[in-house]
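What follows is a short report on a single structure.
The values are calculated or read from the model by the stated rules, or taken from the named source; none is laboratory data. What you see is a predicted model; the values in this text were computed from it and never measured. As a convention, Cβ positions derive from the backbone with ideal geometry for all residues, glycine included, and neighbour counts pool all protein chains shown.
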Amino acid sequence: MFCHRCGAQAGDAAYCPNCGQALPSGSTAAAAAPWTPPLGIEADSGRWLGEGWNLVMDDWGAYAVMALVFILLNGVPFIQGALIAGFHIYTIKKLKGQNAEINDFFQGFNFFIPTLVASLLIGVFTFVGTLACIIPGLVIAAMYKFTYLFIVDKKMDFWQAMQASHAVVKNDYFGFTLFLILAFLVNIVGALCLFVGLLVTIPLTFAAITIAYREIVGFEP
């Protein structure tokens with residue numbers, strides 16, 4: 001288990017060893033319990049991307065700044081997971097009607113350890129799947145697209161979050177893989193627009209994934 005405030009690994013402790021935050025009783029048992037998805041899940045790629053477009057356009061200035069920071073820092077080793085989590089945290093606040101600020105983008109680093117391990121595992125699994133054949137690699141990448149949302153929203157550890165994401169996607173492997181492919185193509189178009197388009201398409205991708213998560217899983221209060 002890890003701390004919900006700073007993201008530090010806390011084990012079975014009652015208080016976070018890093019920041020002193022009190023941890024809820026029974027957290028270890030809760031972390032061990034598998035998450036069960038609702039029935040009848042189907043991907044709706046076009047609608048999610050459309051709603052993501054509207055959300056980003058309504059706040060494009062802030063999203064463009066975050067996308068620029070993401071592009072500049074994405075090459076720094078081991079922080080991609082935290083950056084992705086930051087996009088989701090900002091978008092969750094927007095969708096909840098809360099006051100989202102650009103500083104929220106950096107709150108993803110509060111979950112640095114679980115997002116780091118998740119990103120490494122997802123990268124390895126996707127690479128192995130791609131070596132076998134491109135299609136398994138795409139399916140594996142789609143399987144874990146909700147991992148970072150389960151980490152920041154449900155406060156799951158990396159493996160439990162990956163299992164929960166897979167539990168969602170396995171209801172419609174084809175639909176969620178198509179969702180991933182469409183998001184990838186959108187970013188290709190953004191890159192072709194002298195890379196300026198990436199300032200729109202990168203946040204659009206994360207916004208669409210967050211919107212899909214809200215619809216399927218629902219945010220914590």
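Summary of computed values
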{"item": "ASN18, sole failed condition from (1) polar (S, T, N, Q); (2) at pLDDT below 70; (3) under 30 Å from ALA191 (Cα atoms)", "result": "(3)"}
{"item": "Filtered residues of region 141-173 (kept if assigned to a loop (DSSP other than H, G, I, E, B) and more than 16 Å from ILE41 (Cα to Cα))", "result": "LYS154, LYS155, MET156, ASP157"}
{"item": "Sole residue being surrounded by fewer than 24 Cβ atoms within 10 Å (Cβ to Cβ), of a type in the set (Val, Ile, Thr), touching a strand residue (DSSP E or B) at 6+ places or on another chain (Cβ under 8 Å) and not in a loop (DSSP other than H, G, I, E, B), chosen from ILE92, ILE113", "result": "ILE113"}
{"item": "Identity of the residue in region 122-158, surrounded by 19 or more Cβ atoms within 10 Å (Cβ to Cβ) and of a type in the set (Ser, Thr, Tyr), that ends up farthest from the chain's Cα centre (by Cα)", "result": "THR126"}
{"item": "Close pairs from region 69-80: first within 21 Å of LEU121 (Cα to Cα), partner of a type in the set (Val, Ile, Thr) and in a loop (DSSP other than H, G, I, E, B), Cβ under 8 Å, at least 6 apart", "result": "LEU73/ILE79"}
{"item": "Given (1) crowded, with 19+ Cβ neighbours inside 10 Å; (2) out of contact with any Phe, Trp or Tyr (no Cβ under 8 Å at 6 or more places or on another chain); (3) hydrophobic (A, V, I, L, M, F, W, C), index of the condition ALA85 fails", "result": "(2)"}
{"item": "The one condition in (1) assigned to a loop (DSSP other than H, G, I, E, B); (2) over 26 Å from LEU72 (Cβ atoms); (3) at pLDDT 95 or above that PHE176 fails to fulfil", "result": "(1)"}
{"item": "Hits in region 100-119 (condition: under 15 Å from GLN163 (Cα atoms) and not small (Gly, Ala, Ser))", "result": "PRO114, THR115, VAL117"}
